[in-house]
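Report on the following structure.
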Amino acid sequence: MTILVTGATGTVGRNVIEQLISRGADVRALVRDPAKANLPSNVDLVQGDLLDVDAIRRALRGVSTLFLLNAVVPEEFTQALITLNLARDAGVERLVYLSVIHSDVYVNVPHFAGKFGVERMIEEAGFGATILRPAYFMNNDLTIKDVVTGHGAYPMPIGAKGLAMVDARDIGEIAAIELIRRERSAQALPLERINVVGPDTLTGPDVAGIWTELLGRPIAYGGDDGAGFEQNLRQFMPGWMAYDMRLMAERFVTDGMVPQAGDVDRLTALLGRPLRTYRDFAAEITATA
């Protein structure tokens, strides 16, 4: 049977597909433009998006398991509910959903609250699902490497409580493992939630210290200015999204993204190897800079 991947051309989605293909899965992807998707040739492409009901129906034909990832957009919640209802109509009972850690805590942050609502629908609908709750993607910091290397400052306002930053490659592999486990199970498996975290819980000064060591010169932590963060983001994203990111950053400061006891051990056992560290991630960036 076939596994359908949404969000297939993004950072996590590409990793999910790569891992599924390496495990011998039959994979289909819903993509806006097949000509630009640049996915492996053995992936079955269906053109459309998560507001195109007819395309979703086409994509779900013959599918046994769904990987649901949708981007932070104004229609994110609607996209997810439409897709889940259509999946249920198509007889799909097994899925992996990419939510976010503390979706039930960061209740004032729009894209967190939306994901928590999707989690509730998955549970109420009785899907056999794995809900993955990743922490902050360390790969997000690719966007600020020039600020770090060129201006000597780590600008992300992540606070002093700490974030268990996780590599998107680990997220993709964990998602693929869960998709295969559910796909190949002789019976539907019960709903599970998994916090997907990195091995270290790092504060703003901690991250600045890692960059300082790797670059061999002082890198300062830029501080916890949520308003300034929003204004910087507005230079290259819509105002609503910049404000959403500000609200998230303010919760970084007040709450952090701290894993529960046993999370790291569980993920390490699932992968059969250690989780990738932020230091390793940053070293890769400096090696190619």
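Here, each number is a calculation from the coordinates, and none is a lab measurement. Please read all numbers here as calculations on a predicted model, not as lab measurements. Ideal geometry is used to build each Cβ from the backbone, glycine not excepted, and the neighbour counts take in all protein chains shown.
Side notes on the structure shown:
- Our summary of shape: the Cα atoms of the chain have principal axis extents of 55, 40, 39 Å, ordered from largest down, in whole angstrom.
- Shape class for the range 201-273, computed from the alpha carbon gyration tensor (a ≥ b ≥ c): oblate, with a/c not under 1.5 and a/b at or below b/c.
- Value of relative contact order over the range 76-134, rounded to a whole percent, pairs C-alpha under 8 Å and six or more apart: 46 percent
- Cβ-based charge dipole, the chain, positive-most Cα from Asn38, Leu202, Ala168: Asn38
- Dipole moment magnitude, nearest 20 debye, the range 185-289 about Cα centre, only Lys, Arg, Asp, Glu C-beta charged: 240 debye
- Highest to lowest packing among 186-193, 123-130, 7-14, scored as the average C-beta count within 10 Å: 7-14, 123-130, 186-193
- Residue among Leu98, Ala220, Gly24 farthest towards the positive dipole end of the chain, charges placed on Cβ: Gly24
- Cα shape, the range 142-199, gyration tensor, a/c 1.5 rule: prolate
- Applying the criteria of a DSSP loop state and at most 11 other Cβ atoms within 10 Å to the chymotrypsin sites (Phe, Trp or Tyr not before Pro) of the range 187-289 yields Phe236.
- In sequence order, calculated HN-Hα J values of the range 29-46 (Karplus, 6.51, -1.76, 1.60; Hz; x Gly/Pro): 10, 8, 9, 5, 9, x, 5, 10, 5, 6, 9, x, 5, 8, 8, 7, 9, 10
- Amide H partners (placed H, <5 Å) of Ala220, local residues excluded: Ala153, Tyr154
- Placing unit charges on the Cβ atoms only, positive for Lys and Arg and negative for Asp and Glu, gives the chain a dipole magnitude near 540 debye about its Cα centre.
- Paramagnetic reach from Arg58 in the range 76-114 [backbone N under 18 Å; point 7 Å along Cα→Cβ]: 83, 86-87, 90
- Packing-based exposure ordering (other Cβ within 10 Å, fewest first) of Asp49, Asp54, Asp255, Asp167: Asp54, Asp255, Asp49, Asp167
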